[in-house]
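Data first, discussion second: the structure below is written as structure tokens.
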Amino acid sequence: MTLLVGCGGFVSVGRTDGKPLIEASTSPELVQEAANYGDWIIPDGTKVLLAKRAGERIDRYLLVLEATPEQLASMLAMSNFEQPLEIFTPPMPPRFEHIAGPDLNSSPRISRAEERYTSRSNEHMERSVYVDERTPTLRIVHLDFLGS
């Protein structure tokens, strides 16, 4: 991305990689881009509800997935996410962006964890995980990978 400095401060001109600043879809390419950025492994059979790139000044990727409890446990382990999930009570933090799935305010139980992380490609980020424990067999997993 190129930034110009003028009297008013920074002005965003756009990404230098040719990708749109904001894109949301379930395209395999965007899902893989988001997963790669966060060093995240999505187990087979996990349903992708939406992936979003939102990087104007810093890179940010959001993913929402439908998973079983077993897929969630596998995903966390394979992605080297070591922070324990803890019960979370809304309201959601200001930075949280709901992009897909049921409203978390209607969830019977939400758990959450976040960590500072340096990816294999040396990207420094915060990885946040919110889990909507919708039913005994269904988890809606909200992932947020925010670069620093």
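The values are calculated or read from the model by the stated rules, or taken from the named source; none is laboratory data. No experiment lies behind these values; they were computed from the predicted model shown. With ideal geometry, Cβ positions are generated from the backbone for all residues, glycine too; neighbour counts draw on all protein chains shown. In case anyone asks, the SASA skips ligands and DNA or RNA and just uses the protein heavy atoms, side chains included. Shrake-Rupley method; radii C 1.70, N 1.55, O 1.52, S 1.80 Å.
With +1 on each Lys and Arg Cβ and -1 on each Asp and Glu Cβ, and nothing else charged, work out how big the dipole of region 22-101 is about its Cα centre, in Debye to the nearest 20.
260 debye
Give the peptides 28-34, 138-144, 83-89 in descending order of average Cβ contacts within 10 Å, highest first. Mind dumping the intermediate values first?
Values: 28-34: 15.7, 138-144: 21.3, 83-89: 11.4.
The packing order, highest mean first, is 138-144, 28-34, 83-89.
Once you order the gyration tensor axes a ≥ b ≥ c over the Cα atoms, which shape class does the chain get: rounded for a/c under 1.5, otherwise prolate or oblate by comparing a/b with b/c?
Working: a/c = 1.91, a/b = 1.70, b/c = 1.12.
Since a/c reaches 1.5 and a/b is larger than b/c, the shape of the chain is classed as prolate.
Distance in nm between label sites at Asn105 and Leu85, each 7 Å beyond Cα in the beta-carbon direction?
2.3 nm
Round to the nearest 10 and give me the degree value, 0 to 90, for the angle of helix 28-37's Cα axis relative to the longest principal axis of the chain.
For helix 28-37, the angle is close to 80 degrees.
Give me the 1.4 Å probe accessible area per residue for region 30-148, excluding ligands and nucleic acids, in Å². Don't skip to the end; give the middle numbers.
Values: 5760 Å² over 119 residues.
Heavy-atom SASA per residue in region 30-148 reads 48 Å².
In percent, what relative contact order does region 18-100 have, based on Cα pairs under 8 Å that are 6 or more apart in sequence?
28 percent.
Of all accessible surface on the chain at a 1.4 Å probe, what whole percent is carbon and sulfur?
So the carbon and sulfur contribution to the accessible surface is 53 percent.
Counting only helical runs of four or more DSSP H residues, what would the 222 nm mean residue ellipticity of the chain come to if each run contributes -39,500 (n - 2.57) and the total is spread over all its residues?
Dividing the helical sum by the residues of the chain leaves -4000 deg cm²/dmol.
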